[in-house]
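Quick notes on the structure that follows.
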Amino acid sequence: MKHAISRIVLAALLAGAAGLAAAQSPIKLRFSHTVPETDSQHQAALSFSKKVKERTQGAIEIQVFANSQLGNDTTLVTGIRSGTIDIGATGNPFVTGLAPRLNALDLPYQFDDGPQAYRTLDGAVGRGLLDELAAHQIKGLAFWEIGFRSLGNNKRQITKAEDIRGLKIRTTPNPSHIKAFQLLGASPQPMPFAEVFGALESGAVDGQENPPTLMLSSKLYEVQKYLSLTRHAYTALVVLMNKAKFDSLKPEYQKILLEEAAAAATFQRKLNADNEAAAIAQLRAKGMQVNEHPDVASIKKIVKEETRQLYVQKNGDAVLRAIDAQR
């Protein structure tokens with residue numbers, strides 16, 4: 001009888017220990033992005049992962065996959081919606097097909113500077129736009145940044161609007177980006193970022209438009225000769241999470257994810273601001289011919305109002321008026 005009782009007690013203890021171990025097993029989340037580990041996006045993702053683990057006392061572990069390891073931008077969004085990817089970061093243009101009002105953020109010369117963009121993205125306007133993704137199985141955590149886009153190409157230096165005519169330019173799939181380059185007489189070629197280097201190397205496209213920091217981290221200087229600092233559009237980096245996964249977490253964990261995603265945005269933006277001048281200098285040192293003062297007014301005159309009106313026709317002007325109020 002004593003042996004039988006001992007076996008029962010032992011079994012109960014083992015079952016309890018197993019249950020405690022299961023309860024203490026961390027929630028493991030996969031975070032995917034599409035740029036190299038040398039980019040500020042990756043540094044922000046690592047910081048986000050570290051802070052979440054610390055604040056949840058190890059209850060949530062986030063593994064970061066860089067450089068399109070889990071798929072390109074389009075695949076990333078699809079994976080988050082289906083739940084095969086838990087968290088991801090991609091350029092705003094890759095989600096505007098789901099929530100078209102977010103396209104307001106991508107309009108040419110929409111933001112005068114970084115602070116105006118941040119006031120918009122971090123406030124009620126940005127949160128409202130992120131929440132529109134909920135209908136598509138996505139929880140928008142925060143806006144980080146890709147930054148202000150400038151124009152690189154292999155054919156000629158861009159000094160004014162007419163120099164862009166005839167160039168084959170890789171763009172995002174965003175309607176306003178495509179329309180802007182059509183208005184400038186270029187041939188826009190939308191494609192995921194993971195395909196850009198190869199397309200430039202093969203000559204399938206003549207140029208691309210990205211921030212200098214991303215051109216440097218992605219080694220686009222190896223396949224681009226000219227850079228013109230047109231700063232013609234700002235691109236937010238949207239940090240997305242599978243909504244069902246987010247909703248399944250304890251409220252305190254949800255709060256931590258949202259707070260640390262916002263903190264990582266501030267961290268990453270500072271990295272970009274601190275590194276932009278050095279990135280331009282390094283691109284020049286690596287052989288790119290840099291025009292720091294192109295005739296921006298000639299480009300803005302052609303693209304700004306027409307792309308804005310196209311947006312209003314499709315989506316109304318409420319978001320645009322809210323953004324203008326941040327000036």
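The values are calculated or read from the model by the stated rules, or taken from the named source; none is laboratory data. None of these values were measured; they are calculated from a predicted model. In this analysis, Cβ positions are derived from the backbone assuming ideal geometry, glycine residues included, and neighbour counts consider all displayed protein chains.
Tabulated data
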quantity	calculated
Residue selected from segment 153-170 under the condition out of contact with any helix residue (DSSP H, G or I) (no Cβ under 6 Å at 6 or more places or on another chain) and not in a loop (DSSP other than H, G, I, E, B), by the criterion surrounded by the most Cβ atoms within 10 Å (Cβ to Cβ)	Ile164
Breaking point among (1) touching a residue at least 60 places away in the same chain (Cβ under 8 Å); (2) over 18 Å from Gly126 (Cβ atoms); (3) among the basic types (Lys, Arg), for Arg284	(1)
Matching residues, segment 218-229, being surrounded by fewer than 23 Cβ atoms within 10 Å (Cβ to Cβ) and part of a strand (DSSP E or B)	Tyr226, Leu229
Residue tally, condition out of contact with any Ser or Thr (no Cβ under 6 Å at 6 or more places or on another chain) and either polar (S, T, N, Q) or surrounded by 19 or more Cβ atoms within 10 Å (Cβ to Cβ) (or both), over segment 93-120	13
Residue, nearest to the chain's Cα centre (by Cα), within segment 159-178, restricted to residues that are within 21 Å of Phe197 (Cβ to Cβ) and among the basic types (Lys, Arg)	Arg170
Lone qualifier among Gly83, Gly71, Gly79, Gly91 - being closer than 22 Å to Asp39 by Cβ and in contact (Cβ under 8 Å) with a residue 60 or more places away in the chain	Gly91
Residue satisfying condition, being part of a strand (DSSP E or B), over 30 Å from Ala59 (Cα atoms) and without any contact (Cβ under 8 Å) to a residue 24 or more places away in the chain, within set Gln189, Gln208, Gln182	Gln189
Residue list for segment 118-163, restricted to those being touching a strand residue (DSSP E or B) at 6+ places or on another chain (Cβ under 7 Å) and within 15 Å of Gly207 (Cβ to Cβ)	Arg149, Ser150, Leu151, Gly152, Asn153, Asn154, Arg156, Gln157, Ile158, Thr159
Filter pass, Leu184 being out of contact with any Leu (no Cβ under 8 Å at 6 or more places or on another chain) and among the aliphatic types (A, V, I, L, M)	yes
Single condition Gln254 does not satisfy, out of (1) in contact with a helix residue (DSSP H, G or I) (Cβ under 7 Å, 6 or more places away or on another chain); (2) crowded, with 18+ Cβ neighbours inside 10 Å	(2)
Conditions (1) in contact with a strand residue (DSSP E or B) (Cβ under 8 Å, 6 or more places away or on another chain); (2) buried (at least 16 other Cβ atoms within 10 Å of the Cβ); (3) not in a loop (DSSP other than H, G, I, E, B): number failed by Pro173	(3)
Residue in segment 298-307 that is outside any helix (DSSP H, G or I), farther than 25 Å from Val95 by Cβ, among the charged types (D, E, K, R) and at pLDDT 95 or above present	no
Test for Asp324: is it farther than 25 Å from Gln208 by Cα, surrounded by 14 or more Cβ atoms within 10 Å (Cβ to Cβ) and acidic (Asp, Glu)	no
Subset of segment 55-78 that is closer than 13 Å to Leu257 by Cβ and not basic (Lys, Arg) - its residue that is surrounded by the fewest Cβ atoms within 10 Å (Cβ to Cβ)	Glu61
Residue list for segment 59-106, filter: assigned to a loop (DSSP other than H, G, I, E, B) and either farther than 26 Å from Tyr253 by Cα or small (Gly, Ala, Ser) (or both)	Ala59, Ala66, Asn67, Ser68, Gln69, Gly71, Asn72, Gly83, Thr96, Gly97, Leu98, Ala99
Which listed residue, of Ala44, Ala66, Ala59, is of a type outside the set (S, T, N, Q) and closer than 28 Å to Arg119 by Cβ	Ala44
Per-region count, segment 282-296, residues outside any loop (DSSP other than H, G, I, E, B) and within 17 Å of Lys225 (Cβ to Cβ)	7
Some residue of segment 120-130 being modelled with pLDDT of 95 or more, closer than 21 Å to Arg81 by Cβ, outside any helix (DSSP H, G or I) and small (Gly, Ala, Ser)	no
Condition check for Ile27: of a type in the set (Val, Ile, Thr) and over 15 Å from the mean Cα position of the chain (by Cα)	yes
